[in-house]
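In what follows, a structure is listed as C-alpha cells, so that the remarks can point back to it.
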Amino acid sequence: MLFRQLFDAESSTYTYLLADKATREAALIDPVLEQVERDLRLVEELGLKLVLVLETHVHADHVTSAGTLRERTGATVLASARGAPCVDKQVAHGDVVRLGHLELKVLETPGHTDDSLSYLCEGRLFTGDTLLVRTTGRTDFQNGDPGQLYDSITGRLFTLPEDTVVYPGHDYAGHALSTIGEEKRHNPRLAGKTRDAFIAFMKSRQLPPPKKLDVAVPANRACGHTGPQQRV
C-alpha cells in the first residue's frame, strides 16, 4: 500500500491517501475543499488515479471536496446510507470496498453522528470523529448519542487487534496516530470507565457549536456544493 497522512490546519482535519502500488488506483478519505489542489497535485506527482472518495460522516467543521474531486477525476463517492444523499454508493457495516488489490472493510460506528463510519485496511483503522487520540468525538449535534458512541468504540473498535493503528479524523493536541491497545489503556474518557459514566460525562459538557456548522452540514449533504450544481 502507498499511504499518506495529510492535514488541514484550519479545521485540524486529517485526510488520508491510500493507493494500490500495483494498479495505481487511489482513494482519499475525508478530503477538505480548501486542500483540493494540494490533494490532486499529490495524486498526480505519485502517478496515481483517484477512483474513490470515502467519507466517514457528514462533517460539521469543514466542507468536503468530494463533489469537486468527483467532477475533476470521475472518482466514486462513498458514505453511509444515513449520510449525504449526493453520494454515488451507500455502504453499510461489513461491506468490503475494493481499491485495486486492497480491501477496505466498512465498520458502522455511530455516536458522534448517526451516519459515522470507520474503515479498516491492512491493520490501519480510519476512525473519523468516532475515536480520536486520547479523546473521542462529541455527541451533541447531528443525532449524536453518547451511549451509541461508547458501544461503537468498545464493541466494534476495541475488539480489533491491539496493534491496529488508529488514524483519527482530527487532532487538536499534536498527535498523528495511536493504536487500539493504547486507546484501551490510556484514553481518559474510556479506560476503566463504565458506559453510564461515559454518558454522564458527555452529557455534562458545555461546548459551543462548530464554527462552520450552519454552512458545512448543508454543503456536505450536497458533497461540498452549495449552489445550483448540487446533486441530490
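The values are calculated or read from the model by the stated rules, or taken from the named source; none is laboratory data. Just so we're clear, the structure is a prediction, and the values are computed from it rather than from any experiment. All Cβ positions, even for glycine, are placed from backbone atoms using ideal geometry, and neighbour counts span all protein chains on display. These area figures cover heavy atoms from the full protein model, side chains too; ligands, DNA and RNA do not enter into them. Shrake-Rupley method; radii C 1.70, N 1.55, O 1.52, S 1.80 Å.
Key figures
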item	result
Rounded if a/c under 1.5, otherwise prolate or oblate - region 139-188, Cα gyration tensor axes	oblate
Computed [θ] at 222 nm, helices only, for the chain once each DSSP H run of length n ≥ 4 contributes -39500 (n - 2.57)	-6000 deg cm²/dmol
Among beta bridges that DSSP assigns inside the chain, antiparallel share in %, nearest 5	65 percent
HN-Hα J in Hz across region 139-156 - Karplus 6.51, -1.76, 1.60, θ = phi - 60°, x for Gly and Pro	9, 9, 7, 6, 6, x, 8, x, x, 4, 5, 4, 5, 4, 6, 6, x, 10
Cα-Cα P(r), region 107-202, percent of pairs per 5 Å interval	3, 16, 27, 28, 19, 6, 1, 0
Region 78-120 shape via C-alpha gyration tensor axes, a/c threshold 1.5	oblate
Burial ranking of peptide ranges 51-62, 6-17, 204-215, 119-130 (average Cβ count within 10 Å, highest at the top)	51-62, 119-130, 6-17, 204-215
Helix 195-204 vs. the chain, principal-axis angle (Cα, 0 to 90°, nearest 10)	80 degrees
Accessible surface of the chain, 1.4 Å probe, proportion on carbon and sulfur as whole %	49 percent
J(HN,Hα) series, region 68-76, from Karplus relation 6.51 cos²θ - 1.76 cosθ + 1.60, nearest Hz, glycine and proline x	5, 5, 4, 5, 8, 10, x, 4, 8
Overall form of region 16-148 per C-alpha gyration tensor (a/c, 1.5; a/b vs b/c)	prolate
Computed over the chain, Kirkwood Rh from alpha-carbon pairs, angstrom	17.6 Å
Whole-Hz ³J(HN,Hα) from phi, Karplus 6.51 cos²θ - 1.76 cosθ + 1.60, for region 30-44, glycine and proline x	6, x, 10, 4, 5, 10, 4, 5, 4, 5, 5, 5, 5, 4, 5
For the chain, accessible area per residue (1.4 Å probe, heavy atoms of protein chains only), Å²	44 Å²
